[in-house]
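The values are calculated or read from the model by the stated rules, or taken from the named source; none is laboratory data. All figures in this text were calculated on a predicted structure; none of them were measured in a lab. No Cβ is skipped: glycine too gets one built from the backbone with ideal geometry, and neighbour counts run over all protein chains shown. The accessibility values were calculated without ligands, DNA or RNA, using every heavy atom of the protein model including side chains. Shrake-Rupley method; radii C 1.70, N 1.55, O 1.52, S 1.80 Å.
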Amino acid sequence: MGKELSVIIVNYNGYKYLKECFDSLYQHLNAISFEIIVVDNNSHDDSCSYIKSNYPEIKLIESKINYGFGKGNNEAVKHASGNYLLLINNDTIVLDDLRPVLDHLKSDSSIGAIGINMFSGEKKYLPVCGNFPNIQNMFWMKKIQENNKEFTLGKFTKNEYEVDWLSGSFLMTPRKVYEQINGFDEDYFLYVEDVDLCKRMADKGYKRIFLTKYRYIHFVGFNSSKKPLLVKGYETYISKHFKGINKIPVWTSLKINKLVKNIKRALKLD
């Protein structure tokens with residue numbers, strides 16, 4: 001019998017995070033009929049043996065290669081029975097009951113995805129949504145998450161906001177919407193696939209909603225060494241979503257950004 005919600009987790013060497021992630025899901029999904037599906041991207045730690053020994057009810061898919069984030073999620077969804085999906089990173093801890101989040105999604109068929117408030121391991125606010133790429137934010141990439149002062153400071157006056165894109169570290173979506181847009185674009189290996197996913201939802205007329213009252217911790221693994229992957233992700237995005245003369249200025253902005261980053265790296269300023 002199918003579940004109401006299928007929780008999808010892509011894991012790669014995330015053993016140290018799994019217990020807190022799983023336990024928080026069991027605690028905050030207790031009012032929902034759910035299943036957890038983990039795709040392991042050929043981890044070299046004890047992730048798979050730990051899951052088998054301690055959480056035998058979890059569906060574990062052991063890949064012999066590293067699919068990356070997008071393809072890993074797509075593979076897991078093939079095994080899902082739920083009408084709704086929660087795509088969530090392995091290095092997360094859910095802090096609040098998710099029944100109201102799912103009910104909000106179910107109440108409005110125009111919503112393609114919902115995200116919630118994200119905090120660091122030190123319980124500091126982290127931006128979790130942003131604007132689609134444009135000339136300005138491809139030149140100053142930090143501006144891609146600058147919606148307004150509320151989003152910069154994490155001090156919100158409303159419970160709900162409609163945004164351009166939501167982070168793939170926590171993304172709740174109807175399965176029919178995910179399948180309608182063919183899931184994540186597998187041309188992205190890591191980074192920006194969530195921006196692309198939300199753009200294709202937007203193109204189909206679906207809203208992306210950020211709920212401020214509900215929270216999770218994300219032990220974000222991004223650092224300066226991964227900036228080339230981020231730039232590569234935006235190169236892929238621009239090639240897919242901008243055409244003709246509209247593509248040139250955005251592409252140029254990103255190329256300048258990339259050049260500056262390379263110079264800083266060469267001079268060890270970054």
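When you look at Asp46, is it over 30 Å from Glu235 (Cα atoms), surrounded by fewer than 19 Cβ atoms within 10 Å (Cβ to Cβ), in contact (Cβ under 8 Å) with a residue 24 or more places away in the chain and within 19 Å of the chain's Cα centre (by Cα), yes or no? No, not satisfied. The set of residues in region 26-43 being surrounded by fewer than 22 Cβ atoms within 10 Å (Cβ to Cβ) and farther than 22 Å from Tyr191 by Cβ consists of Tyr26, Gln27, His28, Leu29, Asn30, Ala31, Ile32, Ser33, Phe34, Glu35. So for region 52-59 (the condition being more than 12 Å from Val7 (Cβ to Cβ) and within 19 Å of the chain's Cα centre (by Cα)), does at least one residue qualify? No; the residues of region 52-59 include none that is more than 12 Å from Val7 (Cβ to Cβ) and within 19 Å of the chain's Cα centre (by Cα).
Scanning region 170-222 for residues that are among the polar types (S, T, N, Q) and within 15 Å of the chain's Cα centre (by Cα) yields a single hit, Thr173.
Taking the criterion of being acidic (Asp, Glu) and either buried (at least 23 other Cβ atoms within 10 Å of the Cβ) or over 14 Å from Tyr84 (Cβ atoms) (or both), the residues of region 168-191 that qualify are Asp185, Glu186, Asp187. Given the condition open to solvent by less than 40 Å² (accessible area, probe 1.4 Å), in contact (Cβ under 8 Å) with a residue 12 or more places away in the chain and of a type in the set (Phe, Trp, Tyr), answer yes or no: does some residue in region 59-70 qualify? Scanning region 59-70 turns up at least one residue that is open to solvent by less than 40 Å² (accessible area, probe 1.4 Å), in contact (Cβ under 8 Å) with a residue 12 or more places away in the chain and of a type in the set (Phe, Trp, Tyr). Residue count for region 142-167 under the criterion of being surrounded by 16 or more Cβ atoms within 10 Å (Cβ to Cβ) and part of a strand (DSSP E or B): the result is 4. Of all the criteria given as (1) open to solvent by 60 Å² or more (accessible area, probe 1.4 Å); (2) out of contact with any helix residue (DSSP H, G or I) (no Cβ under 7 Å at 6 or more places or on another chain); (3) at pLDDT 95 or above, the one not satisfied by Asn83 is (2). Out of the residues in region 54-76 that are of a type outside the set (Phe, Trp, Tyr) and assigned to a loop (DSSP other than H, G, I, E, B), which is nearest to Gly183 (Cα to Cα)? Per the criteria, the residue is Gly68. Among the candidates Val195, Val220, the residue that is at pLDDT below 95 and either surrounded by fewer than 19 Cβ atoms within 10 Å (Cβ to Cβ) or assigned to a helix (DSSP H, G or I) (or both) is uniquely Val220.
Residues that are touching a helix residue (DSSP H, G or I) at 6+ places or on another chain (Cβ under 6 Å) and either part of a helix (DSSP H, G or I) or open to solvent by 10 Å² or more (accessible area, probe 1.4 Å) (or both) within region 97-123 comprise just one, Asp97. Pairing residues of region 128-141 that are farther than 20 Å from Lys255 by Cβ and open to solvent by less than 40 Å² (accessible area, probe 1.4 Å) with residues that are part of a helix (DSSP H, G or I) and of a type in the set (A, V, I, L, M, F, W, C), at Cβ distances under 6 Å and at least 6 apart in sequence or on separate chains, gives Gly130/Ile144.
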